[in-house]
Structure formats: C-alpha cells, structure tokens
Amino acid sequence: MGLLGFYLRKAYTLFKNQILVLPSRTAVLLFALALVCLPLFTRDPYLLRILIFTAIFAILAASWDLLSGFTGQMNFGHALFFGVGAYCTALLNLRLDFPPWISIPIGALGAVLTGLIVGIPCLRLRGTYLALTTLAFPIILMGVVFAIPDITGGELGISGIQRLSHSRVTDYYITTGLLLILGFVMWKITDSKTGILFHAIREDEVAVRASGINTTRYKLYAFCLSGFFAGIAGGLYAHIMRTAGPSTLEVALSFQIVIWAVFGGIVSIYGPVAGVFILYPLLEFLRILPKVRMLVFAFIVLLTLLYMPEGLIPWIRDHIEKECPRCKIRNVAFRKECRVCTARLD
Amino acid sequence: MIQNIIINGLINGSIYALLAIGFSLIFGVARIVNIAHTAFYMLAAYFIYVGFGYLGLSPYVAMPLAVLAVGLFAVICYKLFIDPIREHEAAVLIATIALAMVIQEALLIGFGGHYLGVPPLIKGYAEIVGVKVTYQHLLALAVALLALFGSWLFLMKTKPGLALRSTAQDREVANLMGINEARVAMLTMGISAMIAAIAGAIVVPLFVLDPHMWMHPLIMMLAIVVLGGLGSMKGSFVGAYIMAFAEVLVVFLVPMGSFLKGSVALSIMILVLLIRPEGLFGIAFEEER
C-alpha cells in the first residue's frame, strides 16, 4: 500500500513538474484528451471520418519530419512509402485474407523494404539533388502500377478490402490511438541517442563522420524508420477507404505532405501533426466554397508562411515560452527567472 | 515512325531544355527550387489563348505580350511572396508550391477543366524524306532552337549575363565586386520565367491546354536538371534531349508505352546518378557550411 502511494505521489510530481510547467506540454496533453473524449460528445459520422483521415495523414506528416526534418534528407516522394504501404496491405488482405492487424504491419514492412531500396541510391546524394531524385520514385512506381493492371488493378486500384473494424467509432479510436502512440514513439526516437545523431547529421554530416560514426547506416536507418511509420499510415488508409489506388502515389500527395509539415513547423514531430490537424479540416471546411476552395487554401498557406517562415507551431511556441540563456531549458514566457538554474530570463 | 520519333524527340527535347535552363538559372543564382516554374509556362500558354481567342490579337502580337506579362508576373510574385522569406529554404519551397497551386486553381476557375486549343499559325506540311511534317512543327523546332541560342548568347556574351553567371558561381564574392545580388535575383526570376513563357508559346499550337499541363513537364524538368547537373547549362541541354528521346522511344516502341514513359525516363536519371552522383556535367560543389 505504501509502495503504491509512493508511486502515485511520484507520478503526480512528475506530472506537475514535467507537464504542467510548460504550456506546450499542457497543450499536447489537452489535445490528446480532447481526441480521446470526442466520441463521448458527438458521433457525427462525417466529423469522425474527417478526423480519421486527419489522424492518418498526421502519422504520415510526422514520419516525413523524422526523415526530412530531423535527418535533413529532403524527401519529395514521401507518397512512395504511403502508396507501397497501402498496396501491400491491400494485396495481403485481398489475396491472402490477412486480417487488418496483420496486414498493416506487414504492409509497413514492405514500405521499410522500399525505404532500403530507395535509400541505397539516395545515400550518395544530398540537398536539392536528393529532393529531386526522391520525387522520381513514386512516379516510376505509378508507371509500373498502370502497366500491370492484372495485379494492381491499374487505374482503378484494388478494391474490396476488408473494413478496419465494424463501427466508425472503433475506426476512430484505432487511428487516433495509433496517432498518439506512434507520435509519442517518434518523439521519443528523436529524443534518444539515435535522434541526436539524426540532428547532428542534418547540421554537419562531415563532422559526424569525423567523430567516427557511420553516417550511411544512420541515414539508411532514418529512411527505414520513416518508411515504416508512413507504411502504417498507408495501410490504415487502405483499410479505411477499402481501396488502394494510384492516387496514393501521386505527386500532389507528396507535395501535400511537405506543405503540411512545413506549415506546422519541421524538426518537431508535433509541428507536422498540428499542421495536418489545422490544414486538413480547413480544406474540408472550405467545401462551403467549392469553386475557390484550393485557391483560398493555397493563399492561406502563402500568407501564413510570409509571417511565420519557421512554421506555425514554432512561432507560437517561441511566443509562449522562452529558453533559459544559461541551461537551455524552456520556461513559460511570464517567468522572470529560469525554473531550474534560476538564471535571469530576458 | 523513325521520323516521328526524331521530330517529336527534337521538339520535346527543345522545350524541356528551355524549361530546364530557366530552372537551373534561378536555382544557381538565388538557390530557389522554383516548383512554380512550369506553372509560368502554363500561364503563358493561357495568356496566348486569351489574347488570341478573346481579344482577337494577332498571334505575333499576343505571344511577345504574353511572354512579357509572365515575366512581370513572376517578378511581382517573387517580390511579394519569396523575397521576404529568402533565408528559410523550406518555406520558400512551400511558397513556390503554393504559388503553382494558386495559378492552377485560378486557371481552373477561369477556364474550367476543359481541353482548349489554339489553331496553328501556319497551315500545310512539308515532305521530308517521304514523311509529312507540318510546318507548325518545323516552326516550333526553329523557334525553340532560336530561343535556346538566344539564351546562350545572353548568358555568355552580355554584361547582365556575366553578372548572372558570377552570382551563380559565388554569391558573396559577386556582391563584393559590386553586383547587387538582390536585384540580380529578381532579374533572374523574371528572365527564367520569360524563358519558360517562350516554351509555353511554342507548345500552344501543338498541345492541348488544361490546368494540369504543368505537372508532367515539371517532373521531367526536375529530372533533367538533376541528370545534367544542377546549375550547368550544357547539362540541362544534353539531359533534355536524352530524356525527351527516352520518352518518345518508349511511347512508340514499347507496348503500354504511354504509361511507362515517365518511369523509363526517370529510371535512366537514377541510373546515371548511381554512377555520377553530381549529374552528367555537374561540378561536385564543396560542402557549403
């Protein structure tokens, strides 16, 4: 009993001192709670459907951030992983009758394999060369998909896939639950030793190599990790839509991912997630103006970037928190001195 | 068949070369990956359609006007949306994507998704070794080669061209030599858009116009620029013809070729990059820190 009390007190202290002290962490907690509690208040199928897709694309955008934001390997063809995940999952489900909870992880492994195949030629390239080369891969695969309609269904794609679950609320909980879990996992990865190496590779690859670290292996590792998470998003998408079509490989989707992530703010994981949660529902909401929908959307993105070129979330974060000049720990903006080392904050 | 391949390959190659040179130019000078580049090409085609179909202008007046208008439009867009966020590479990238989307959607609202066409400037055809080649195709080829030669002359033989090339080579040193880097970047934006607009003017009588026509050339252009080596004029030129002939050969010779044309051309690019990571004529830049 005493032990339980001890752990409870410890958990409470951690909660108070690690989460409630920073507005950004509180916001993340509130966001997670809101997502979990939402179906208690409304079961509107349209709203749930939008949020399901938002959650899937949020996983996708966060996985892009892991590769392109953290490791700096600009990927313009991220739809490749998404599409491969969707097609693999669809084929496994349809041809081999695998249930979703097996087909999605194996489909994601397919995306990991593509990550390896794509990563190996891309390792020799950097910067803009890399970005423009990765753009080519989904288009190559799309050509192949169209050329072998017997297996891939050609232009129509593969349809008749099993539903993810029997009710929409369950679908909602699976996708948002996965978003929260995978988002947390990705955030933890970026905070781990590997994540720090990813950071370092982006900042100065030569210096990392000079420190005796095999950067090639870490870059390949980043490709595979990112491919895995994106593949899961693709598999979920296939089971929710119940089709896997060539639209999952489109250039427009690759661009869309980049827009979401950069709008939200790269190198943060939560930035791209927030970006999707703002932009995707916004695009749906703009259906009230059907003709000028995309035009308004593009203008909103343009104007936001003009004032917040770092992205929306880092801009907000820098206004509600400040970094301690001495110990580099973040504090609420209204504090006069650092919460850890009591240095003066200006 | 062979003649078809040659004439189509040459025309497509010249158009890709024009696009790729403009793109290379703005990338080299200002380090901007301008996704909206082919949107300018599309915009020029639509301007000509409007000038020709609605305003009843002669095509010889409409085309130069359209080229100038696109150049001006590009400079305005650059000043409004790209210049203020120049230091943030990712933001610039998204800004150009958003700009291309704006142009596409504006055209979609203005003209609908229909396929539109402009009649050929000159009718009739010539017989070359027993094959009919329309005069329009020959004219397009001639204009394209002339435009390529013109851009080469401008870059190599004029003073602004020299300023442009030196800025591309080393921005800081060019600045120290008294070249106004900001103004050169703006000028380059206008010039590259105008070169793209010339390509647009060339394709107007040959292709159908629709608001998504910028996508395919965009991908090919990006592939060509990477294949030839970023910032290399010669590379863009050679790469453009390689890609265009690869595309045309696949379309004519392989079953289901029209689906595979992009795949084959892009696979060639990746193969070349595996052997030469800096492209055919690219210079391996020293790491910029």
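Quick one: is B:Ala163 in a helix (DSSP H, G or I) and surrounded by 16 or more Cβ atoms within 10 Å (Cβ to Cβ)?
yes
Name every residue in segment A:133-185 that is buried (at least 23 other Cβ atoms within 10 Å of the Cβ), of a type in the set (S, T, N, Q) and within 21 Å of A:Ala252 (Cα to Cα), in order of residue number.
A:Thr133, A:Thr134
Hey, any hits in segment B:246-267 for a residue that's within 16 Å of the chain's Cα centre (by Cα) and either within 11 Å of chain A (Cβ to nearest Cβ) or part of a helix (DSSP H, G or I) (or both)?
For segment B:246-267, residues within 16 Å of the chain's Cα centre (by Cα) and either within 11 Å of chain A (Cβ to nearest Cβ) or part of a helix (DSSP H, G or I) (or both): absent.
Criterion first (under 25 Å from A:Gly183 (Cα atoms), within 14 Å of another protein chain (Cβ to nearest Cβ) and free of Cβ contacts under 8 Å to residues at least 24 places away in the same chain) does A:Pro290 satisfy it?
no
If you go through segment B:71-93 one residue at a time, how many are farther than 18 Å from A:Glu310 by Cα and not small (Gly, Ala, Ser)?
Residues meeting the conditions: 7.
Taking the criterion of being among the small types (Gly, Ala, Ser), within 14 Å of chain B (Cβ to nearest Cβ) and surrounded by fewer than 14 Cβ atoms within 10 Å (Cβ to Cβ), would at least one residue in segment A:203-212 satisfy it?
Yes, there is a match, as at least one residue in segment A:203-212 is among the small types (Gly, Ala, Ser), within 14 Å of chain B (Cβ to nearest Cβ) and surrounded by fewer than 14 Cβ atoms within 10 Å (Cβ to Cβ).
Would you pick out the residues in segment A:211-235 that are of a type in the set (Val, Ile, Thr) and either at pLDDT below 90 or assigned to a helix (DSSP H, G or I) (or both)?
Those that are of a type in the set (Val, Ile, Thr) and either at pLDDT below 90 or assigned to a helix (DSSP H, G or I) (or both): A:Thr215, A:Thr216, A:Ile232.
Select, from B:Glu286, B:Glu247, B:Glu172, B:Glu181, the only residue that is crowded, with 18+ Cβ neighbours inside 10 Å, over 25 Å from B:Met63 (Cα atoms) and modelled with pLDDT under 90.
B:Glu247
Within segment B:222-244, how many residues turn out to be within 19 Å of B:Leu141 (Cβ to Cβ), crowded, with 23+ Cβ neighbours inside 10 Å and either touching a Phe, Trp or Tyr at 6+ places or on another chain (Cβ under 7 Å) or of a type in the set (A, V, I, L, M) (or both)?
4
Yes or no: segment A:252-267 includes at least one residue that is within 14 Å of chain B (Cβ to nearest Cβ), under 24 Å from A:Phe82 (Cα atoms) and surrounded by fewer than 18 Cβ atoms within 10 Å (Cβ to Cβ).
yes
What pairs can you find where one residue is in segment A:125-146 and within 8 Å of chain B (Cβ to nearest Cβ), the other is surrounded by fewer than 24 Cβ atoms within 10 Å (Cβ to Cβ) and among the acidic types (Asp, Glu), and their Cβ atoms are less than 8 Å apart, with a gap of 6+ or different chains?
Going by the 8 Å Cβ cut-off, the qualifying pairs are A:Tyr129/B:Glu278; A:Met142/A:Glu250; A:Phe146/A:Glu155.
Go through segment A:143-208 and tell me which helices (runs of 4 or more DSSP H), entirely inside it, have 1 or more residues that are farther than 18 Å from A:Arg242 by Cα and of a type in the set (Val, Ile, Thr).
Those helices (runs of 4 or more DSSP H) span A:168-191, A:193-203.
Could you check segment A:103-121 and list, in sequence order, the residues that are within 10 Å of another protein chain (Cβ to nearest Cβ) and under 21 Å from the mean Cα position of the chain (by Cα)?
Once the filter is applied, which keeps residues that are within 10 Å of another protein chain (Cβ to nearest Cβ) and under 21 Å from the mean Cα position of the chain (by Cα), segment A:103-121 yields only A:Val118.
Select from segment A:78-98 the residues that are in a helix (DSSP H, G or I) and either surrounded by fewer than 24 Cβ atoms within 10 Å (Cβ to Cβ) or aromatic (Phe, Trp, Tyr) (or both) and list them in ascending order.
Passing the criteria: A:Phe81, A:Phe82, A:Tyr87, A:Leu91, A:Leu92, A:Leu94, A:Arg95.
When you go through (1) in the same structural domain as A:Pro246 (by TED's automatic domain parsing); (2) in contact with a helix residue (DSSP H, G or I) (Cβ under 8 Å, 6 or more places away or on another chain); (3) assigned to a helix (DSSP H, G or I) one by one for A:Ser24, which number turns out not to apply?
(1)
Could you look through segment B:30-57, keep only residues that are part of a helix (DSSP H, G or I), within 14 Å of another protein chain (Cβ to nearest Cβ) and more than 22 Å from B:His137 (Cβ to Cβ), and pick out the one that is farthest from the chain's Cα centre (by Cα)?
Among those that are part of a helix (DSSP H, G or I), within 14 Å of another protein chain (Cβ to nearest Cβ) and more than 22 Å from B:His137 (Cβ to Cβ), it is B:Ala30.
Only residues that are at the interface with chain A (Cβ under 9 Å from one of its Cβ atoms) and either of a type in the set (Gly, Ala, Ser) or not in a helix (DSSP H, G or I) (or both): list them for segment B:268-281, please.
Once the filter is applied, which keeps residues that are at the interface with chain A (Cβ under 9 Å from one of its Cβ atoms) and either of a type in the set (Gly, Ala, Ser) or not in a helix (DSSP H, G or I) (or both), segment B:268-281 yields B:Pro277, B:Glu278, B:Gly279.
The values are calculated or read from the model by the stated rules, or taken from the named source; none is laboratory data. Computed from a prediction, not measured in an experiment: that's the story for all the values here. Don't worry about glycine lacking a Cβ; one is built from the backbone with ideal geometry, like all the others, and counts go over all protein chains shown.
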